[in-house]
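Structure first, then comments.
Each reported figure results from applying straightforward, stated rules to the coordinates on display, with no laboratory input. What you see is a predicted model, and the numbers here were worked out from it, not measured in a lab. We place every Cβ from the backbone using ideal geometry, glycine too, and count neighbours over all the protein chains shown.
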Amino acid sequence: LVWTDYVGSPSASKALVSDLDLIVTGPDGSVYIANNFNGQGQSIAGDDLSNDTINNVEKVVVPQAQEGFWSATVYARNTPNGPQNYAFVAQGDLQDQWRDLVAENVTLNKEEIDEGEGIIFEGDIVAMGNLPFSPFHYEVYVHDLDSGEKVVFEENDDTRMNPWDSVHFRHRWIAVRGDWEFVVDV
């Protein structure tokens with residue numbers, strides 16, 4: 001984990017301005033807090049270890065990593081200048097298995113909408129990644145922010161999609177008075 005830190009004050013007690021922390025958890029629940037190493041430069045497991053509050057480069061090294069799901073979490077301990085961008089790299093014998101449902105190309109055919117006008121709301125739900133989705137729920141609807149009323153155009157609880165498949169939706173709605181929000185919930 002690395003980030004470009006903001007310029008600190010010469011009179012500050014420590015130079016690091018934005019303090020991010022990397023914590024990695026192994027399949028067996030072992031917790032590795034970045035920059036805690038043994039004499040061979042390998043990370044020490046333990047959730048009672050201290051966080052690095054000095055460096056803008058944090059690392060976890062596990063030479064014989066066990067097979068299974070590992071998670072890496074980045075915590076923003078102190079970011080006085082707002083959100084802090086960072087870069088994260090993982091290496092090893094990784095199998096990149098992931099999936100994500102994304103609403104893409106979602107459009108309304110008009111920018112200014114008057115009451116009584118017909119509106120076309122359309123787009124795609126895309127199964128990104130390299131794992132199938134089976135089954136999953138999605139819903140396409142409009143929602144009145146004032147009253148809570150919900151008008152469902154399309155919903156499905158048993159959709160099955162292979163990687164990079166997509167479902168196209170296209171719906172017509174007659175605008176009515178109120179503060180309405182168009183929603184694609186995946």
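Rank-order 110-117, 28-35 by packing density, defined as the average count of other C-beta atoms within 10 Å over each peptide's residues, highest first.
28-35, 110-117
Would you kindly state how much longer the chain becomes between Asn105 and Tyr86 on full extension, computed as 0.36 nm times their sequence separation minus their alpha carbon distance, in nm to one decimal?
Gain on extension, Asn105 to Tyr86, equals 4.0 nm.
With a cut-off of 8 Å between alpha carbons and a minimum separation of six or more residues, what is the relative contact order of the chain in percent? The partial results should precede the final answer.
Working: 369 pairs, mean separation 34.2, N = 186.
Reported relative contact order: 18 percent.
Output the Kirkwood hydrodynamic radius of the chain, Cα pairs only, in Å rounded to one decimal.
Values: mean 1/r = 0.0477 Å⁻¹.
Value: 21.0 Å, from the Cα pair sum.
Highest GNM mean-square fluctuation, the chain, Cα pairs closer than 10 Å: which of Gly26, Gly82, Gly41?
Largest GNM mean-square fluctuation: Gly82.
Report D for the stretch 99-185 in µm² per second (integer): Stokes-Einstein, Kirkwood Rh on Cα pairs, 10 °C, 1.306 mPa s. Could the numbers behind the result be given before it?
On the way: Rh = 13.9 Å.
Here the translational diffusion coefficient equals 114 µm²/s.
Just the C-alpha atoms of the stretch 1-95: what Rg/Rh do they give, with Rh taken as the Kirkwood radius?
Working: Rg = 14.4 Å, Rh = 14.4 Å.
Rg/Rh: 1.00.
Which order do the peptides 7-16, 146-155 take when ranked by the mean count of other beta-carbon atoms within 10 Å per residue, highest first? Spell out each step's value before the answer.
Numbers: 7-16: 9.4, 146-155: 11.7.
Per-residue Cβ counts within 10 Å, averaged per peptide and sorted highest first, yield 146-155, 7-16.
List the lysines whose Cα lies under 23 Å from the Cα of Lys150, skipping any in the same chain that are fewer than 8 positions away.
Straight-distance partners of Lys150: Lys110.
Grab the beta carbon distance between Asn156 and Phe69, set R0 = 30 Å, and tell me the FRET efficiency rounded to 0.05. Don't jump to the answer; show the numbers that get you there.
Values: r = 28 Å, r/R0 = 0.95.
The computed FRET efficiency comes out at 0.60.
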